[in-house]
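Quick notes on the structure that follows.
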Amino acid sequence: MERDVLADATGWAARYVPKPTAGAQQVLTGLLLEATMPTPDQDQAGDQAQARGRAPGPALTVSAFDSEVAARAPVEAVVTEPGRVVVPGRLLADVVRNLPDAPVVVEATETRVIIECGAARFRIPALAVEDYPVLPAFPPPVGEVDTLGFAAAVAQVAPAAGRDDALPVLTAVRLEIARGGLTMVATDRYRLAVRTIPWQPTVDDPDAVAHVPARLLADVAKLPTTASRVMLGMGVDEAGVPRFGLSVNGRQTIVRLLEGSFPNYRRLLPETSELTVTAPTAVLAAAVRRVALVATRTAPLRFTFSAGQVVAEAGDGGGAQASELVPVEYDGPELSVLFNPAFLLDGLAAVEGDEAIIGFATADPEIASSKPAVLTGKDDGEDYRYLLMPIRTGTA
Amino acid sequence: MKPPPEPAPLESGGPGPSDSRILHVDMDAFYASVAVRDAPELRGRPVIVGGGNRGVVLSATYEARAFGVRSAMPMARARGLCPTAVVVPADHGRYREVSRAIMDVFRDVTPLVAPISLDEAFLDVGGGRRLFGTPVDIARAIRGRIATEQGLTCSVGVAPSMFVAKIASARCKPDGLLVVPPDEVLAFLHPLPTAALWGVGPRTEQALTRLGIRTIGDIARTPADTLRRALGAGAGGHLHALAHGRDGRRVEPDGVDVSVGAEETFSADLADPERLARELLRLSGRVAARLRARGQAARKISIKVRHADFSTVTRARTLAEPTDVTWVIYRTAGELFDELRATSRPLVRLLGVRAARLSAAGRTSHQLAFDERPSGWAEVDRATDGARRRFGEESVRPASLLPDRPRRPAPPREWGPGRV
């Protein structure tokens, strides 16, 4: 097979190999290589073939698995004899990446793998293939979505997900599929991001939700690819485990879903904003970053909005202080609100367009300083919203 | 005693030590020095302060240290190393008294004093330039006052950050002053062994040695990701930042290692979970009320449980935000207690609740969540405090603490077991 093709696939799959830790199954630190001879009536890799746009040749599959995620990448190969072998994953990826530019020949027995490429030859002990678990199948496809649009939406939503395992479902991005669009939501109780994007369902009445681990989804979505479409799958596997699948260019990532009930977020989304501020996104973000330098890790920034301007301030009597004025479009009453600068910066980084719109549901300055503010980008329209709860002084 | 090392020359060009505003003041062999000062006939002799039930060395004069005596060493071993040593029992009341006088000296030059223990403290003296001179002037003045007023010596590290100041004071002991100007921080740190860094204990040191990392400079040259993989995300990133001289912490007055606690030994050992929960609530209420009376809030809550067989366990959790609220302290203590007793539930002889990492309550703030009402338990506490002031301690208490009301309060949460 081609060196570049194999290197690409092993490098991709190796990122899913769990780190070797005490107590973990050693065999999972390996990559499973499966060589199959195609039979005309066995359409075992249908969408792979479709993605590559030609008949499936004799093929190799590179797979990785840990409790949360399974990954499977097809590789164009000439197979002389079918078989399965598990090779230490990171080592294999390192070796293949460094091979000279020449065809690669892999030959395996139960106990070792020989890799030959040009004049280079590697002999690597194999891991116990009989211990390798059965990988979950790709869940039933539900539709397709544009690769870049999907990646952009995930990047807008995932930062709002929780990181505290006390409430696992909040570490997920919630995906809701409906005929009208694919909606993604994440919240850590303090901020919430929601985005709806167009997609092409391939089932009649799409109506399902999946809670996909946010970090994993963010990692997968940002991987570079030449493919323009992502195929999505959702369903419960043979073992009764709910799974979500992404297939890009035939490369499948199959994720175990998080359990638990997601809070009813829709009632948090305000219908309208009585006060709105339009601010230059990059200028405001730069000011927040500067002023936040003097704030301790958990200390808030105070934002005072008045006609045509907002002043960001941080610091307290004893220590360093900073403030900066940013001209904005605003003509409401004077309004003073405290925000966590990191949360606000996440929102400003996520909105699209040169201008960010910050909305407050009520014109009463007292109430507005304890209700969520809504961030959108001028170019986001109604499709993206980032809600942010303020900070209050005192303890609770 | 050896002569104090020369302070770094102030004329060395560059920006000078003007930004080295953090002082770490560490008393030299504090307990032993106090003992010698109070009994001058001991001067010049090896003196060991030993004590407590466990019989270990609490402090030793430098004369005794010359024989290899070290703090925390078993007394028997120390006597073996230094048979001529005079052993003095510890007098904690006396040490506290002297400590207060020393801390008062610090507070005369800056309000930003963070005591770490009786005998060491961090000071931020950046605001005292006009009144008291440069940080180096202030360090000299403090050393002078402690020597004349208390008859004790201390070592002072002066640096731009807390951890560098701490290392500096350790490198100039005893009776020394070491100034690390900002532009010399890396040159000062990098040749030092990794163990000089705060947070590098024997285990971390071993892990680093396995990577071939022996000096702080080696840490600085190692990619942060490699350190994270070897030591975990938190510790790895932390050490990498320290090795580059970055330490974001500020001197928080009275904010370090000072705590407020309450504990109770029961007349009969307890097993009933409801009764135990109520005791936790009672203790949490006492701790919270004491915090509020001092105007402080705590970020770390710990519990102590002593079983009928006298085995004692403690568990601690750090909160996202400081609190002085009974309900938050009780909920945290309750979670810790439930986790502790998830597998086995021996009879309980003593329960304790402690709040640490204190800061001024007026300067804390609270990140609101979507699922909480903006007023609640803090206000309940304020009302309770007011009623107790007017009508007495027993006038107001949670319903579950009323006689014949064995009920455990339920958490007021809509989205599940989040933590404030």
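No value in this document is a laboratory result; all are computed from the given coordinates. The structure presented is a predicted model; accordingly, all values stated were derived computationally and were not measured. Cβ sites come from the backbone with ideal geometry, for glycine too, and all protein chains shown count toward neighbours.
Summary of computed values
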| quantity | calculated |
| --- | --- |
| Rg(Cα) / (2.2 N^0.38 Å) computed for chain A, rounded to two decimals | 1.18 |
| Ratio of Rg to Rh over the protein assembly as shown (Cα coordinates, Kirkwood Rh, two decimals) | 1.01 |
| Compactness of the range B:185-249 - radius of gyration and Dmax, Cα, Å | 10.3, 29 |
| Average beta carbon contacts from partner chains per residue of A:185-194, 10 Å cutoff | 3 |
| Among B:157, B:176, B:236: highest mean-square fluctuation, GNM of chain B, C-alpha pairs under 10 Å | B:236 |
| Cα-only radius of gyration and Dmax that characterise chain B, units Å | 24.6, 75 |
| Antiparallel DSSP beta bridges within the protein assembly as shown, percent to nearest 5 | 95 percent |
| For the range A:125-251, convex hull volume per residue from C-alpha positions, Å³ | 145 Å³ |
| Among B:30-38, A:12-20, the order from most to least packed when residues are scored by Cβ within 10 Å on average | B:30-38, A:12-20 |
| ³J(HN,Hα), Karplus 6.51/-1.76/1.60, whole Hz, each residue of the range B:138-149, x for Gly, Pro | 5, 4, 4, 5, 4, 4, x, 5, 5, 5, 6, 7 |
| In Hz, Karplus ³J(HN,Hα) per residue of the range A:344-354 (6.51, -1.76, 1.60; θ = phi - 60°; x = Gly, Pro) | 5, 5, 4, x, 5, 6, 8, 5, 9, x, 6 |
| Peptide A:260-266, shielding by other chains (average Cβ, 10 Å cutoff) | 2 |
| Shielding by partners, peptide B:358-367 (average Cβ within 10 angstrom, other chains) | 6 |
| Aspartates and glutamates whose Cα lies under 12 Å from that of residue B:300, excluding same-chain neighbours fewer than 8 positions away | B:257, B:321, B:324 |
| Dipole of the protein assembly as shown, positive direction: furthest Cα of B:281, A:262, B:267, with charges on the beta-carbon | B:267 |
| Spatially proximal aspartates and glutamates relative to residue A:222 (Cα-Cα < 19 Å; intrachain offsets below 8 disregarded) | A:8, A:68, A:144, A:146, A:346, A:352 |
| Candidates B:125, B:185, B:87, ranked by Gaussian network fluctuation over chain B, Cα under 10 Å, top entry | B:87 |
| Residues with amide H under 5 Å from that of residue B:58, placed H, sequence gap 5 or more | B:49, B:50, B:51, B:72 |
| In sequence order, calculated HN-Hα J values of the range A:202-219 (Karplus, 6.51, -1.76, 1.60; Hz; x Gly/Pro) | 10, 10, 5, 10, x, 6, 7, 10, 9, 9, 9, x, 5, 5, 5, 4, 5, 5 |
| Dipole moment magnitude, nearest 20 debye, the protein assembly as shown about Cα centre, only Lys, Arg, Asp, Glu C-beta charged | 3400 debye |
| Under 22 Å from residue B:166, Cα to Cα: lysines that are on another chain or at least 8 residues apart | B:2 |
| Dipole in debye (nearest 20) - the range B:194-237, about Cα centre, beta carbon charges: Lys, Arg +1; Asp, Glu -1 | 80 debye |
| Pairs of alpha carbons in the range B:33-92 whose separation is greater than 18 Å (percent) | 22 percent |
| Kirkwood hydrodynamic radius over Cα pairs of the range A:228-387, then Stokes diffusion coefficient at 25 °C and 0.890 mPa s, in µm²/s | 135 µm²/s |
| The range B:204-347: Rg to Rh, with Rh as the Kirkwood radius over Cα pairs | 1.11 |
| Coordinate range along principal axes, alpha carbons of the range A:317-375, Å, largest first | 35, 28, 21 |
